[in-house]
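Report on the structure given below.
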């Protein structure tokens, strides 16, 4: 089928979103600048209250980034040297980096090929007497099977820190991610479903004692002015970003609904294409669709999967279709973790997926015509690849 080329299509685009709410953001930012209250204060507190209500927790602690959110969560649970934390190797580096930053050891478990998420059925085999926590990553917006994961955690008395960086608004059995485990960690990096105009993050919890510890840790460990209970860090969410996030939070459910419509349309358009494996949401889960990530498999089993995937991406680029690649080298094979002893082939599904994934354009304003162009270009690329 011939498809008219309507435009150059980026993997992600923020300009249309800004044009929708730019005037409101501009006015709000000017008010913050005039107020002189740039760090902390009522604007940040209001956002924290609103975000806690949205997620369904009693507390929200704003911080500097999603990376800091994970670090502060681990610190609040007293996880450190000698401890182990189970997580996925198919995720952004910060998930494991923060485990290492507190002195603990990441233990990697393989993933499900359909959702790209932690295979909960393999968790118990990885638990030792040193295991203190599990960090499930709701990758690309797809929720992990939190029912089974929490059963395992409770049976072994383990903490659960949800990495929700890519999944703001996703749900598991009706509950928003970030409200199911003991702590939820969010990123407000601009490309996230709820993105700031700079860095930002938040931590959610239903445990007031943990909230108090994280509030102190994000502000140098300070319990009251010039009284320090622990060694913390400077990880505060500034008022301008908090105001922008307040405005965007009002639109989030609508934007996520549009992402779902786009994902459904991709499912329909891609179904006839051979060699394309579409992402699948787990039963009971509602994805936030931060990314729509497919797998492409070469026509011959002897072809190198990564090289084939890279050829398809290059052919798409030649047709003005942008894509993204998350993540070409899994964490267990990163040079920094060579000392952990994971050999090539130790996490076979993770390694196979890393060689096959392509993230197609995904943002709420993506038009039907643009999607048709993406799929037509992919069909042409597959025919040439």
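Ranked from highest to lowest mean number of other Cβ atoms within 10 Å per residue, what is the order of the peptides 191-203, 344-356?
Sorting 191-203, 344-356 by mean packing, highest first, produces 191-203, 344-356.
For every helix of n ≥ 4 consecutive DSSP H residues, a contribution of -39,500 (n - 2.57) applies; sum these over the chain, divide by its total residues, and give [θ] at 222 nm rounded to the nearest 500 deg cm²/dmol. Mind dumping the intermediate values first?
Working: 12 runs with 146 residues, N = 385.
Result for the chain: -12000 deg cm²/dmol, rounded to the nearest 500.
Taking the DSSP bridge list for the chain and keeping only pairs wholly inside it, about 60 percent are antiparallel. For the stretch 102-240, averaging the sequence separation of C-alpha pairs within contact (under 8 Å, six or more residues apart) and dividing by the residue count gives a relative contact order of 13 percent.
Peptides 220-230, 165-175, ordered by how many other C-beta atoms sit within 10 Å of their residues on average, highest first, read 165-175, 220-230. Only Cα pairs under 8 Å and 6+ residues apart enter the sum, and on that basis the relative contact order of the chain stands at 22 percent. Modelled label positions at residue 352 and residue 38, each set 7 Å beyond Cα in the direction of Cβ, lie 5.3 nm from each other. Could you tell me the calculated FRET efficiency between residue 264 and residue 223, based on Cβ-Cβ distance and R0 = 41 angstrom, to the nearest 0.05? Once rounded, the FRET efficiency stands at 0.25. Between the stretch 173-229 and the stretch 231-283, the alpha-carbon centres lie 19 Å apart.
The residue 372 and residue 124 beta-carbon pair, evaluated with R₀ = 51 Å, returns a calculated FRET efficiency of approximately 0.70. How high is the FRET efficiency between residue 151 and residue 30 when r is their beta carbon distance and R₀ equals 45 Å, given to the nearest 0.05? Between residue 151 and residue 30 the formula returns 0.35.
Bear in mind that the values in this text are calculations on the coordinates, not laboratory data. Only a predicted model underlies this, so the values are computations on that prediction, with no experimental measurement involved. All Cβ positions, glycine included, derive from the backbone under ideal geometry; neighbour counts span all protein chains shown.
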